[in-house]
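Quick notes on the structure that follows.
All of the numbers you see were taken from the coordinates with simple rules; none came from a lab. None of these values were measured; they are calculated from a predicted model. Here the Cβ positions follow ideal geometry from the backbone for every residue, glycine too, while neighbour counts run over all protein chains shown.
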Amino acid sequence: MFLKIENLHKKYGDKYAVKDFSVHVKEKEFICLLGPSGCGKTTVLRAIGGFLTDLSGRIELDGQDITALPAHLRPVSTVFQSYGLFPHMTVLENVKYGLRFHGLKDKEARIKSREYLELVRLEEHANKRISALSGGQQQRVALARSLVLGPKVLLLDEPLSNLDALLRVQMRDEISRLQKLLGITTIFVTHDQEEAFALADRILLMNNGELVQEGRPEELYENPNSAFSLGFIGESSLLSQNPVTFIRPQRVEIGTSGQAATILQRFFRGDRILYVAEADGQKILVEKLNRPDIRQHEEGENVFLQFEAEALKGN
């Protein structure tokens, strides 16, 4: 494996931030560390980047043990949530800043930096100050500055959290494009499952400092292995606690026969509408596409719910 993390532990006082975390990452793989605030995902990222001390465990990259290697000597680049750009420098100067420590002459550094600005579609902004750029453009500068160093692994710590909804989607797609184009192994930290679903080859779901489930986005969505995974990944109707039995709202239909129910709530979501229905005292979520040819329903309406037996999931 290209990146190996084995038995990683990190404590702050008596509390584990990360406990017995192990994972192997393939070269060119896009990994999303997903979980709620305080689950340990950023701690894992910072451990890979070399920004933490007093760790136990082992981190190996491309056959080299980097566990004790200082951050500036590790072949990784990190894009932080705050971007960390220099406001007194131009866009080009920001991108080429790190190359000065790699022994490149100024002319070579400028040429290489312009290549990466072109890659992130900012070549025409090379001589602008950072303050003249939008949030999305600043994010692209941060990406170019990290990528120009030619890292073996790119680390991204919730890089989209400061952007508005539309820009988040645009930058998410841009990160995906660049990762595929360059074939760079990427570790992306997020608490947003939609981002993880859209980007990841594999998701590592964390809670309370531990890795609780890993797999392709489809695997985590269809087969959560615990009550936590079920509650965190997607929306669902929990039909039974013992054994755990659930159904996703997309698998329930409103028809002319089936289980009698009443619509309690209706939530408009643009291209979809989510209904909360009650059947025999059990609340069931139902999601329908918002299209003119599909009949919609109102709160208080009596309906019938239908679903196939294989739509029921459990563990």
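If you plug the beta carbon distance of Ser226 and His297 into 1/(1 + (r/R0)^6) with R0 = 25 Å, you get a FRET efficiency near 0.15. Packing-based ranking of 288-296, 124-132 yields 124-132, 288-296, ordered from highest to lowest mean Cβ neighbour count within 10 Å. When only the Cβ of Lys, Arg, Asp and Glu is charged (+1, +1, -1, -1), the dipole of the chain relative to its Cα centre reaches about 1340 debye. Compared with the dominant Cα axis of the chain, that is its longest principal axis, helix 165-182 is turned about 60°. The ranking of Asp164, Asp280 from fewest to most other beta carbons within 10 Å of each one's beta carbon is Asp280, Asp164. Potential lengthening of the chain between Ser240 and Glu308 amounts to 22.8 nm, from the contour at 0.36 nm per residue minus the alpha-carbon distance. Taking θ as phi - 60° and the Karplus parameters 6.51, -1.76 and 1.60, the scalar couplings of segment 19-30 work out to 10, 6, 8, 9, 7, 10, 10, 7, 5, 6, 7, 9 Hz in sequence order, x denoting glycine and proline. Pairs from the list Lys96/Lys152; Lys28/Lys96; Lys283/Lys313; Lys28/Lys107; Lys152/Lys180 with a Cα-Cα gap above 20 Å: Lys28/Lys96; Lys28/Lys107. The mean sequence separation of alpha-carbon pairs under 8 Å and at least six residues apart, normalised by the residue count of segment 182-253, gives a relative contact order of 17 percent. Helical content of the chain, expressed as a calculated mean residue ellipticity at 222 nm, amounts to -7500 deg cm²/dmol (DSSP H runs of 4 or more residues, -39,500 (n - 2.57) each, divided by residue number, nearest 500). On a 0 to 90° scale, report how tilted helix 135-147 is relative to the longest principal axis of the chain, with both axes built from alpha carbons and the result rounded to the nearest 10. Computed tilt is about 60 degrees. Net length available on complete extension from Arg216 to Gln170 is 14.3 nm, with 0.36 nm assigned per residue and the Cα-Cα distance removed.
When the chain is treated as a Gaussian network with alpha carbon springs shorter than 10 Å, the biggest mean-square fluctuation among Gly63, Gly183, Gly49 belongs to Gly63.
Against the chain, whose longest principal axis comes from its Cα atoms, helix 106-119 is set at around 20 degrees.
Note on the chain: antiparallel DSSP beta bridges, both residues inside, total approximately 70 percent of the bridges counted. Considering Cα pairs under 8 angstrom that are at least six residues apart, work out the relative contact order of segment 3-223 and quote it in whole percent. After rounding, I find 30 percent.
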